[in-house]
Amino acid sequence: MKKYIPNLITLLNVFCGCVATVFAVSNQLEMAALFVFLGIFFDFFDGLAARVLNVQSELGVQLDSLADMITSGLVPGIVMFQLLGMSTSGGWNASDGAVFSFDGISGLLPFLGFLITLGSAYRLAKFNIDENQVSSFVGLPTPANALLILSLPLILLYQNNDALNDIILNEWFLIFMTVLSTYLLNANIELFALKFKTWNFKDNALRYIFLIVSAVLLLTLKFLAVPFIIVFYVVASLVSNLGTSKS
């Protein structure tokens, strides 16, 4: 029976992604974010369970990517669709919950958000056939990208900063974030993975520093910390890669 446990956890990720999709389509982005976070939680523990129980399988690999496609691919695309709709309609729920219209170019703009979904699909397909992404990733992992996109509506809801709200609901900022997100997903950038083979500090210094910095940022900046954590993750990986190549 133990071989089914990781797949069951992965299916919980699928369920969370389905629920998050319903909330995202309904423009209840706070609830969508909650279920994406739960899905990413299950996404972390399905692989851990497979390794602990020594029941890794090709089925589990494929199922994991399909789950990520929903939770960390489809939902962020819908959320960006909603945000772009807000940027053209005057703000959150500006017209009785309808966040976009089909009048002219502005009515088509929200669909640009699905570039994130397309980029996620391409990234996950590449990951499945790449045997080198074991101890590191090439391109931003889809769960990290989902956290980046889902942090935007949470910043709007909880940071209570008019300047930040104006930036996030600016259509040019959202277009930039969409393009940047899609690029990072498939960029030829090697990023370290948070997989601990041992617990000693020497072998995992970068991972421990990243976790400590992330915790401090979250405690001080709340949801605004997420974009900074993603930036730190990319920069720290680039610096680490530079140091490794020189040595």
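Provide a single number: the residues in the range 1-13 that are closer than 17 Å to residue 73 by Cα and open to solvent by 30 Å² or more (accessible area, probe 1.4 Å).
2
Is there a residue being within 24 Å of residue 46 (Cβ to Cβ) and part of a helix (DSSP H, G or I) anywhere in the range 192-207?
Yes, that holds for at least one residue.
Would you pick out the residues in the range 169-193 that are open to solvent by 70 Å² or more (accessible area, probe 1.4 Å) and under 19 Å from the mean Cα position of the chain (by Cα)?
176, 179, 183, 188, 190
Any chance the range 157-168 includes a residue that's open to solvent by 20 Å² or more (accessible area, probe 1.4 Å), of a type outside the set (Val, Ile, Thr), assigned to a helix (DSSP H, G or I) and closer than 29 Å to residue 122 by Cα?
no
The values are calculated or read from the model by the stated rules, or taken from the named source; none is laboratory data. In this text, all values refer to a predicted model and were calculated from it rather than measured experimentally. No Cβ is skipped: glycine too gets one built from the backbone with ideal geometry, and neighbour counts run over all protein chains shown. Note: accessible area is taken over every heavy atom of the protein model, side chains too, but ligands, DNA and RNA are not part of it. Shrake-Rupley method; radii C 1.70, N 1.55, O 1.52, S 1.80 Å.
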